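Readers should treat all values here as calculations from the given coordinates under stated rules, not as data from a laboratory. What you see is a predicted model, and the numbers here were worked out from it, not measured in a lab. Backbone-built Cβ (ideal geometry, glycine too); neighbour counts: all protein chains shown.
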């Protein structure tokens, strides 16, 4: 076993006297974003992790808004980099969005850990700032998509 307890080697003799050795990784996978959903009015984004996460490498401490970073590409709306609020339900973290401008639906919102030491699992593995499943399109809130009917008299 390695000194940090993350790997173990197992050997076995074989019929040709060469034997085999296999090395096994015992460390669990680092936490990753497994999905996102955005509220219909674009006020929040729900971020789901594949496991329980914490703000310390000791497996304790609830995540805070400062543990996340938000960005937008495309479209006309912009977002503050730090969420305006956070609520937690199991492995789902609902983050408040402070948007400027009216989303046209062309915006892609991205959420990542704010740094390499922001989010951890219970084993102390840090979540990477490079994620997949961490983007979602904002909903079109522009009035140009609305059809209005007027009656003439």
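The table that follows gives values for the structure above.
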{"read-out": "Label zone at residue 142, where the point sits 7 Å out along the Cα-to-Cβ direction: segment 90-104 residues whose backbone N lies under 12 Å", "value": "102-104"}
{"read-out": "Order by protection proxy (mean Cβ within 10 Å, highest first), peptides 108-115, 54-61, 72-79", "value": "108-115, 72-79, 54-61"}
{"read-out": "Inter-label distance for residue 116 and residue 50, nm, one decimal - labels placed 7 Å from Cα along Cα-to-Cβ", "value": "2.0"}
{"read-out": "Cα-projected label distance for residue 66 with residue 29, points at 7 Å along beta-carbon direction, nm", "value": "3.1"}
